[in-house]
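The values are calculated or read from the model by the stated rules, or taken from the named source; none is laboratory data. Everything numeric here is computed off the predicted structure, so don't read it as measured data. So basically every Cβ, Gly included, is an ideal-geometry build from the backbone, and we count neighbours across all protein chains shown.
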Amino acid sequence: MRIYNLGSINIDHVYHLPALPRRGETLPALSYSQGLGGKGANQSVAAARAGAQVIHLGAMGTGDDWVPRRLAAAGVDISAIARLPDIATGHAVILVDAGGENSIILHGGANRALPPGLARRPDFAAGDILLMQNETSLQAETAAAARAAGARVIYSAAPFNIAALREVLPHVSILAVNEVEARDTFAAFGQDLPVEGLLVTRGAEGAEFRDLRSGPTWRQPAFRVQPVDTTGAGDCFTGWFAAGLSRGQDIPTALRHAAAAAALQVTRQGAGDAMPNRAEVLAFLKAHG
């Protein structure tokens with residue numbers, strides 16, 4: 001089964017500073033790094049490294065050729081990534097102080113200017129999975145096309161926005177949220193959500209999956225590790241969880257593998273570039289019983 005991902009592609013520009021600048025202040029950076037980011041690209045890399053067949057649906061500017069090369073090197077099919085002239089590739093400027101606090105400027109760029117034909121391009125089939133996040137345009141149209149073809153839609157409701165969630169929710173199979181987003185979702189829509197399942201990630205407390213059709217809930221504790229960088233951990237978990245479902249894993253197994261992958265990912269610097277592969281996750285699970 002294939003995983004399509006209507007997802008953002010960002011370039012992360014990370015500047016480490018002794019302190020975050022105050023209004024009107026100019027500070028020299030202690031270091032600078034550039035990496036692959038965006039919730040969509042992160043999830044595509046995670047799912048591909050988990051062994052899934054992943055086709056990324058998205059857009060970039062006409063430069064930054066290292067980005068699609070890096071996605072392809074991770075095993076992602078990049079044939080459906082549109083290259084748009086006169087529009088910048090999505091990017092984030094991330095300022096990090098000595099204590100780890102950060103300030104982020106995010107520019108959606110090409111992620112918010114997807115060509116309309118992109119929603120009609122996928123050849124969705126029953127059993128396929130469509131991953132989505134709230135960082136692109138064409139969300140409701142693509143989700144509706146996927147569900148009409150019998151595919152499952154897994155929607156990460158982040159960055160959280162009630163209006164965007166309301167538009168796409170009728171087409172969602174599994175809603176993926178963190179604890180805060182879950183509370184906001186219940187406050188807006190009530191406890192009886194019109195989806196098959198709810199995936200709630202809880203950071204260091206692990207995750208749970210609620211089957212909203214037949215009732216059971218499965219809980220997965222987080223593996224205890226010493227984190228280095230938690231950026232992209234939720235994307236890692238969701239990508240690995242989707243990959244597990246695409247391989248026919250049951251929910252508890254998919255949750256356990258996703259938790260192991262996220263535990264490995266947070267011990268490394270970066271987001272998309274830090275996603276572990278299947279062999280690494282299986283070795284981690286063996287070492288942890």
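There is no residue in region 246-257 that is crowded, with 16+ Cβ neighbours inside 10 Å, touching a helix residue (DSSP H, G or I) at 6+ places or on another chain (Cβ under 6 Å), at pLDDT below 95 and at negative phi. Looking only at residues in region 11-48 that are in contact with a Phe, Trp or Tyr (Cβ under 6 Å, 6 or more places away or on another chain) and not in a strand (DSSP E or B), the one that is nearest to Gly270 (Cα to Cα) is Ala46. Listed by position, the helices (runs of 4 or more DSSP H) contained in region 225-289 that have at least 1 residues being free of Cβ contacts under 8 Å to residues at least 24 places away in the same chain and not charged (D, E, K, R) are 251-265, 278-287.
Restricting attention to region 49-81 and to residues that are under 17 Å from Gly270 (Cα atoms) and among the small types (Gly, Ala, Ser), the residue that is farthest from the chain's Cα centre (by Cα) turns out to be Ala73. Entry remark, region 114-129: residues being under 19 Å from the mean Cα position of the chain (by Cα), over 12 Å from Glu141 (Cβ atoms) and not charged (D, E, K, R) number 1 in total. Take the conditions (1) at negative phi; (2) modelled with pLDDT of 95 or more; Gly51 misses just one of them, which is (1). For the criterion of being of a type outside the set (Asp, Glu), closer than 20 Å to Leu255 by Cα and at pLDDT 95 or above, Arg219 passes. Considering region 96-135, the residues that are part of a loop (DSSP other than H, G, I, E, B) and touching a helix residue (DSSP H, G or I) at 6+ places or on another chain (Cβ under 8 Å) include one that is surrounded by the most Cβ atoms within 10 Å (Cβ to Cβ), namely Glu135. Name the residues in region 63-75 that are part of a loop (DSSP other than H, G, I, E, B) and within 19 Å of Leu6 (Cα to Cα), would you? Within region 63-75, Ala74, Gly75 qualify.
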